[in-house]
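Take a look at the structure set out below.
The values are calculated or read from the model by the stated rules, or taken from the named source; none is laboratory data. Just so it is clear, the structure is predicted and the values come from calculations on it, not from any experiment. Glycine gets a Cβ as well: all are built from the backbone with ideal geometry, and neighbour counts include every protein chain shown. Heads up: the accessible areas ignore ligands, DNA and RNA and are worked out on the full protein's heavy atoms, side chains in. Shrake-Rupley method; radii C 1.70, N 1.55, O 1.52, S 1.80 Å.
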Amino acid sequence: MATPTISLDRPDPYQPPQSHLQLQSDAPISWVRLPDGRQLWVLTRHEDVRTMLGDKRFSSDRRDPRHPSHTPYMGPDHRPQLIEMDPPDHTELRRSVVGEFTVARLAAWRPRIQEIVDEAIDALLAGPREVDLVEALSLPVPSKVISELLGVPYVDHDFFQENSADFSRADTTQEEKAAAVGNLKTYINGLVDEKAKSPGDDLLSRQLAAGGDPEAVRGLGFLLLIAGHETTANMISLSVATLLDKREHLAALRDNPSITLGAVEELLRYFTIAEIGAGRLALEDVEIAGTLIRAGEGVIGLTNTANRDASVFPAPDEIDFTRMARNHLAFGFGPHQCLGQNLARLELEIVLATLLRRVPSLRLAVPFEEIPFKVQGPNYGVHELKVAW
Ligand code: HEM
């Protein structure tokens, strides 16, 4: 049989890419060809993806060109970030920072995040009655929150937004990505040097004060800026677009704001935006559900189809805010499970609750089908979301 090819095309914006769904139904563990010609294993079922992501014999170190997430534009002197490390280095660095992102620790940030969201909505209400929500709310809120958490002055915010957009957009060349990465790294390096001289009350200063190697702190700062920005923005935009399109869900949320957390969790499951995020390289021969994956072969766990696995999530294509499916894989699984997930949940909860309360007449300014969706990865989302009120 010919090796199947997978693409990210999706005829229905509410469904994962067609080729991913096809594999899940026809051949849930498959050796496939990516559009760029590389061949690797693709896992599509919830149990198999979880098993793979929880097994340390599958490596996150992307320096090997056989790794599915190998990123040549990072440059030869690139030092692996947390997300690209294997144990024991990963375990040690993660342990040093995980305390910053616990639910209890983030609770102290709730009033400040609420203020940031209110300020963005004040500005939105003061302007014309039709805006691009991505620009007005979805990008600035996570960007400002992560800037403050790290101790980055907000005056540099436009610089971050532009460079992280260039880094994550599918239509930028390898050279443009390299330039954006270089700009962000240079900025963070300078910032960490400044914090070493005059520490503040922020994450980077605390990492340095706890004896963190400045090089590792620079890497962590860079990763947190990148990882927490566009992902959360995409989830905000997709969630709002869905609520404005499927008005019955909007009504349910308005009638009963106490289900907001359940709504956030369900929308995370439903869209699973990091669609090709969970790439690994097998370090040893490993068997998954009877299939032998050999050392040196790449594997992608498709969390988007895993989160539509009917054996785990009954009626998986239905949006159900009362499902409370915390076992979804939208934040990955295992040692690399998203460090910022509690922050992302908090931001999404505050944004949705505040927007619905303060802008009750909010509506889509274009038909849902005409929204420009980000279909070519690495994260699903929308380029622009025109809304009016
Ligand atoms: C809705 C928003 C978000 C989504 C869907 C998301 C998704 C993910 C996923 C799937 C992974 C695992 C990648 C892998 O297994 O290789 C991950 C890791 C990570 N995320 Fe997020 N993320 C989000 C928001 C954030 C935020 C707000 C931050 C930080 C402030 C953040 C920081 C990180 C970091 C540092 C890692 C690497 C953890 C490690 O390697 O130990 N993320 N994220």
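Results, tabulated for the structure shown:
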item	result
Only listed residue being of a type outside the set (D, E, K, R), more than 26 Å from Val145 (Cβ to Cβ) and under 22 Å from the mean Cα position of the chain (by Cα), chosen from Phe313, Phe321, Phe331	Phe313
Single residue of Ser19, Ser59 found to be under 20 Å from Phe333 (Cα atoms) and crowded, with 16+ Cβ neighbours inside 10 Å	Ser59
Of all residues in segment 150-165 being of a type in the set (A, V, I, L, M, F, W, C) and surrounded by fewer than 19 Cβ atoms within 10 Å (Cβ to Cβ), the one that is farthest from His383 (Cα to Cα)	Val155
Segment 324-338: number of residues that are out of contact with any Pro (no Cβ under 9 Å at 6 or more places or on another chain) and either outside any loop (DSSP other than H, G, I, E, B) or near the ligand (Cβ under 7 Å from one of its atoms) (or both)	7
Residues satisfying the stated conditions in segment 56-111, i.e. of a type in the set (A, V, I, L, M) and part of a loop (DSSP other than H, G, I, E, B)	Met85, Ala108
Phe321 vs. criteria in contact with a Cys (Cβ under 8 Å, 6 or more places away or on another chain) and either assigned to a loop (DSSP other than H, G, I, E, B) or of a type outside the set (A, V, I, L, M, F, W, C) (or both)	no
Breaking point among (1) within 16 Å of the ligand (Cβ to nearest atom); (2) within 23 Å of Leu139 (Cβ to Cβ); (3) at pLDDT 90 or above, for Thr186	(1)
Candidate set from segment 29-53 (those that are open to solvent by 20 Å² or more (accessible area, probe 1.4 Å) and at pLDDT 95 or above); member that is nearest to the ligand (Cβ to nearest atom)	Arg50
Any hit, segment 151-172, residues being of a type in the set (Gly, Ala, Ser), within 16 Å of the ligand (Cβ to nearest atom) and touching a Leu at 6+ places or on another chain (Cβ under 7 Å)	yes
Scope segment 8-55; condition in a helix (DSSP H, G or I) and hydroxyl-bearing (Ser, Thr, Tyr); matching residues	Ser19, Ser25, Thr51
Failed item in (1) of a type outside the set (A, V, I, L, M, F, W, C); (2) closer than 23 Å to Ile116 by Cα; (3) open to solvent by 50 Å² or more (accessible area, probe 1.4 Å), with Thr232 passing the rest	(3)
Unique residue being closer than 17 Å to Arg218 by Cβ, open to solvent by less than 50 Å² (accessible area, probe 1.4 Å) and modelled with pLDDT under 90 when the list is Ser69, Ser168, Ser143, Ser147	Ser147
Failed condition for His70, given (1) within 24 Å of Met235 (Cβ to Cβ); (2) under 19 Å from the mean Cα position of the chain (by Cα)	(1)
Segment 271-321, residues that are of a type outside the set (A, V, I, L, M), more than 10 Å from the ligand (Cβ to nearest atom) and over 20 Å from Trp41 (Cβ atoms)	Ser311, Phe313, Pro314, Pro316, Asp317, Glu318, Asp320, Phe321
Odd one out for Ala289, checked against (1) open to solvent by less than 10 Å² (accessible area, probe 1.4 Å); (2) at pLDDT 95 or above	(1)
Residue in segment 303-311 that is open to solvent by 40 Å² or more (accessible area, probe 1.4 Å) and at pLDDT 95 or above present	yes
When residues of segment 189-231 are limited to those that are under 21 Å from Pro378 (Cα atoms) and small (Gly, Ala, Ser), the one farthest from the chain's Cα centre (by Cα)	Gly219
Subset tally (residues that are assigned to a loop (DSSP other than H, G, I, E, B) and either of a type in the set (A, V, I, L, M, F, W, C) or open to solvent by 20 Å² or more (accessible area, probe 1.4 Å) (or both)) for segment 341-389	17
